[in-house]
1. Over the Cα atoms of the stretch 11-150, what Rg and Dmax result, in angstrom?
2. So how much slack lies between Arg12 and Lys39, counting 0.36 nm per residue of separation and subtracting their Cα-Cα distance, in nm?
3. Using a 10 Å cut-off around each Cβ, can you sort Tyr181, Tyr128 from fewest to most neighbouring Cβ atoms?
Amino acid sequence: MNTENPEFLMPRRGWIEVVCGSMFSGKTEELIRRINRAKIAKQTVEIFKPAVDTRYADEEVVSHDDRAVKSTPVDAAESILLYFSDETNVNVVGIDEAQFFGEELVDVCTTLANRGIRVIIAGLDMDYLGQPFGPMPKLMAVAEYVTKVHAICMQCGNPAQFSHRFAKNDKLVMLGETESYQPLCRVCYNKATG
């Protein structure tokens with residue numbers, strides 16, 4: 001037995017953290033904060049985002065307040081695993097806009113966590129119709145930690161958990177900002193959609 005190897009004495013443990021909420025609630029800002037803290041602790045990090053999200057930058061995760069970290073855009077969740085082998089020395093993986101990935105993201109995140117990697121996921125928990133969005137419900141179910149953040153309702157100032165789309169478009173996935181969406185509380189959302 002090699003008792004001088006710290007990896008032997010304390011095996012790396014992985015886990016999954018989910019940061020969810022409506023648009024403009026600070027999900028990406030919180031993801032970036034957690035990633036930066038890991039970097040300060042000298043941990044190795046990799047950040048991924050869906051290739052379809054080019055609103056601010058092609059190869060950066062950018063929050064609404066213009067904070068940014070370099071990221072790798074991928075077309076499908078399974079592609080994330082191509083960046084890792086069993087010998088990979090990555091401590092933390094960040095994934096932004098998780099709702100745009102398919103259900104396979106759950107297996108990808110579970111695989112990474114089982115390999116001893118801390119996985120931090122940020123994404124919308126509900127679509128503009130107020131329904132659970134993509135893989136987010138399953139990710140919240142398998143995660144060790146779930147943080148729900150709230151925006152401020154643009155109508156009344158209360159905590160907002162709905163992303164109301166006022167732009168005329170019936171597609172489920174429509175990239176947009178304040179020109180198309182606004183965060184609303186339950187009461188104001190029901191008035192706007194009822």
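Bear in mind these aren't lab numbers, they're just calculated from the coordinates by the rules spelled out. These numbers were taken from a predicted model, which means no experiment stands behind them. Here the Cβ positions follow ideal geometry from the backbone for every residue, glycine too, while neighbour counts run over all protein chains shown.
1. Both quantities, over Cα of the stretch 11-150: 13.7, 43 Å.
2. On the way: separation 27, 0.36 × 27 = 9.72 nm, distance 1.71 nm.
Fully extending the segment from Arg12 to Lys39 adds 8.0 nm.
3. On the way: Tyr181 21, Tyr128 26.
With the fewest neighbours first, Tyr181, Tyr128 line up as Tyr181, Tyr128.
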